[in-house]
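Step one of this worksheet: look at the structure below.
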Amino acid sequence: MAVNTTTDWTDPIACPFCGEKLASPGAGFVDHIDDSPDCNTEFDHWRKNVGGDLAGEWSG
Ligand SMILES: [Zn+2]
């Protein structure tokens, strides 16, 4: 589903899990994992791993 255009993204973002290009870094990624259960699962694992280091304020 690659969309190859001459559009010059100032900050090209790709899904870190499957490498698919995203329309935008924030909402585009959310839309992408919404459409890609595999990436959604990977993101969930990633977030848990990261969260483990940043859990200070989230405890309880
Ligand atoms: Zn992906």
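The values are calculated or read from the model by the stated rules, or taken from the named source; none is laboratory data. No experiment lies behind these values; they were computed from the predicted model shown. Cβ: placed from backbone, ideal geometry, glycine included. Neighbour counts: every protein chain shown. Heads up: the accessible areas ignore ligands, DNA and RNA and are worked out on the full protein's heavy atoms, side chains in. Shrake-Rupley method; radii C 1.70, N 1.55, O 1.52, S 1.80 Å.
If you rank 30, 50 by how much accessible surface each has, with a 1.4 Å probe, what is the order from largest down?
Most to least solvent-accessible, the answer reads 30, 50.
Write down the Kirkwood hydrodynamic radius of segment 14-53, to one decimal in angstroms, obtained as one divided by the mean of 1/r over all alpha carbon pairs.
10.2 Å
Measuring from label point to label point, each 7 Å out along Cα→Cβ, what is the residue 20 to residue 36 span in nm?
0.6 nm
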